[in-house]
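Shown next, in structure tokens, is the structure this report addresses.
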Amino acid sequence: MKALVAEAIQTVKASGEYDALLKKYNLAFPSDELLQANDLANALAPVDTHKGFNWAYLGGLLYNTDFWQAGVTVLQLSTLTWFLAVVVGFLLALGNQSKYRVFQRAAGVYIWLFRSLPLLVLLIFIYNLPQFWPASSVVLSNPFMAGLIALVLSESAYMAEIHRGALQAIPAGQYEAGKALGMRFWGIQKQIVMPQALKVALPPLTNQYVTIVKLTSLVSVISLTEILLVGQQLYTRNFLVMETLVAVAFYYVLIVSLVTWVLGKVEHRLDVSLRKANTTEETVAVDDATLNQYGTLKAAKQGEQALSIKGARKAFGAVPVLKDIDLAVQWGEVVSIIGPSGSGKTTLIRSMNGLETLDQGQVWLEGSLFIDGKTPARDAQARIVHLGMVFQSYNLFPHKTVLENLMLAPEYHHQPVAKTRLLALAMLDKVGLLRHAHKYPHQLSGGQQQRVAIARALVMQPNIMLFDEPTSALDPELVNEVLSVMEALAKEGMTMIIVTHEMRFAFKVSDRIVFMADGEIVYDQTPEALRHNPDPRLRRFIDHKAPEDYSI
């Protein structure tokens with residue numbers, strides 16, 4: 001047996017295959033002849049002559065073109081992976097929160113699968129996929145593309161969880177405000193949700209970018225010339241392992257530091273809360289005549305009634321909140337809805353524009369069917385802008401200025417920008433906030449924010465205004481400034497439906513007052529008739545809310 005082995009070795013040596021294998025896998029001792037043959041003359045000099053850590057060699061690596069080229073490759077791969085994974089992850093997060101079960105399941109399975117697979121296994125599988133699918137070799141035979149696909153598949157699953165947390169941090173009122181302004185799903189996502197969600201998600205997304213940079217080192221297993229692979233090729237030739245790895249670390253730290261600085265600047269720019277309010281009054285170049293022209297309300301009255309509800313029923317679980325409600329509002333009327341908490345008044349007004357779905361019943365808008373039970377009319381999306389909505393919590397878009405808040409929906413609906421701007425400025429002037437046009441919502445008081453919300457609804461030129469407890473979130477001293485704007489709208493003939501606890505205001509401006517209790521309309525009367533109504537329950541409610549003015 002020994003003789004056979006010896007003979008085989010001699011045969012391999014004689015054929016030259018032995019020397020070829022040593023050279024191919026760099027197994028031979030790096031003699032001067034071998035180094036010369038590979039254009040590495042004198043490469044052993046530092047090893048032979050230098051003792052301890054070779055600082056001169058390390059300094060030379062900082063100017064090594066192979067390292068810099070590999071660094072560019074890592075930066076390109078990391079950046080492309082991050083951007084693509086951010087987009088795919090956001091779509092997965094939307095799918096995970098979708099009301100459609102098929103999207104929930106698909107997104108959930110994707111996230112579970114690719115968070116479970118080790119990246120190294122995924123890299124090798126993707127790179128070798130052409131063995132089973134030859135057509136894919138056009139793309140996957142390139143280590144950069146194979147690594148990019150594997151990294152995006154893996155990282156998008158983690159990004160989806162980051163986005164899911166960010167989406168959950170966006171108040172539901174932001175979606176409702178967009179819907180009330182006639183914006184569709186993707187318009188709301190693009191204009192309202194995504195900018196706010198990105199601001200929330202950016203710190204963890206930055207950390208994920210750092211992780212991606214480090215994970216690119218694994219792509220060397222499929223022969224991508226990145227930083228770590230260049231380092232390995234160097235220290236296998238000169239055996240200066242520590243010095244080379246310090247250089248490798250330097251290039252990774254450099255890339256991470258650069259990207260962290262850039263994303264930090266982006267995060268700072270997105271955070272409008274860091275912007276200080278202007279102490280000087282804003283000046284807007286527009287004359288009073290133009291403001292008066294665009295500020296005049298022009299309601300297009302269609303149909304005999306502005307709005308009517310027929311047989312509305314709604315229950316949350318086993319608890320009925322609306323019990324066979326019928327209500328009709330005439331053009332130019334101001335109808336106030338009052339009642340104790342839990343009486344169903346907020347649910348009723350939210351069902352008028354579809355923010356709450358009805359179990360049964362119909363909503364008729366301007367003489368034609370608008371909502372039938374849980375099904376909106378075919379043209380409901382286009383007609384919802386005829387109903388202006390003002391919310392209890394303002395629901396202004398915090399990432400946009402006051403003027404941008406007003407211009408967002410008209411621009412979404414492709415209204416001329418110049419006309420939209422003049423209309424927005426006119427509505428701000430109408431509510432007394434023209435000089436605050438370029439401030440952000442957080443720079444305003446609660447009363448000012450609610451007046452901006454009224455102006456935002458008016459800029460869509462609605463025929464009917466809905467107010468859902470517009471003063472309940474305000475400090476007492478700020479209530480009157482909002483009520484005065486609403487009173488002015490009533491005097492201009494705007495059709496208004498108001499849910500309110502402000503008894504003085506309701507009895508002053510209303511043509512009719514609806515009193516609700518336990519999901520039913522108990523009384524629908526004029527203010528004078530309601531004031532003299534002897535019902536003890538009604539008396540207790542009104543006396544409790546405003547005993548000094550309306551005690552009966």
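Extension gain, A172 to D359: 0.36 nm times the residue separation minus the Cα-Cα distance gives 65.2 nm. Assuming charge only on the beta carbon of Lys and Arg (+1) and of Asp and Glu (-1), the dipole of segment 413-460 about its Cα centre is about 40 debye to the nearest 20.
Its DSSP H runs of at least 4 residues, each contributing -39,500 (n - 2.57), put the calculated 222 nm mean residue ellipticity of the chain at -17000 deg cm²/dmol, to the nearest 500. Fully extending the segment from E411 to H442 would add 8.8 nm, taking 0.36 nm per residue of separation and subtracting the current Cα-Cα distance. Site pair W133 and Q381 shows an inter-label distance of 3.3 nm when each label is modelled 7 Å from Cα along Cα→Cβ.
Count the DSSP beta bridges whose two residues both fall in the chain, then state the antiparallel fraction as a percent rounded to the nearest 5.
Values: 24 of 41 bridges.
Around 60 percent of the beta bridges assigned by DSSP in the chain are antiparallel ones.
Checking every one of the trypsin sites (Lys or Arg not before Pro) in segment 375-471 against DSSP loop status and a limit of 14 other Cβ atoms within 10 Å picks out R378.
The angle between the Cα long axis of helix 65-96 and the longest principal axis of the Cα atoms of the chain comes to about 30 degrees, rounded to the nearest 10. Counting neighbouring Cβ atoms within 10 Å and putting the fewest first, the residues S15, S98 line up as S15, S98.
Relative to the Cα centre, the charge distribution of the chain, modelled as +1 at Lys and Arg Cβ and -1 at Asp and Glu Cβ, gives a dipole magnitude of about 600 debye. Tell me the label only: which of (1) 1.44; (2) 1.19; (3) 1.34 is Cα Rg over 2.2 N^0.38 Å as calculated from this structure? Correct label, based on the coordinates given: (1). The angle between the Cα long axis of helix 143-168 and the longest principal axis of the Cα atoms of the chain comes to about 30 degrees, rounded to the nearest 10. Simple point charges give the picture: +1 on the Cβ of Lys and Arg, -1 on the Cβ of Asp and Glu, and for segment 65-270 a dipole about the Cα centre of about 780 debye. Rounded to the nearest 10 degrees, the angle from helix 119-128 to the longest Cα principal axis of the chain is 70 degrees. Here the spin labels are modelled as points 7 Å beyond Cα on the Cα-Cβ line, and at K190 and R539 they lie 6.0 nm apart.
With 19 Å as the limit, the listed pairs K179/K314; K430/K491; K310/K345 have K179/K314 beyond it between alpha carbons.
None of the figures in this text is laboratory data; all of them are computed from the coordinates on show. What you see is a predicted model; the values in this text were computed from it and never measured. Methodologically, a virtual Cβ is constructed for each residue, glycine included, from the backbone with ideal geometry; neighbour enumeration extends over all protein chains shown.
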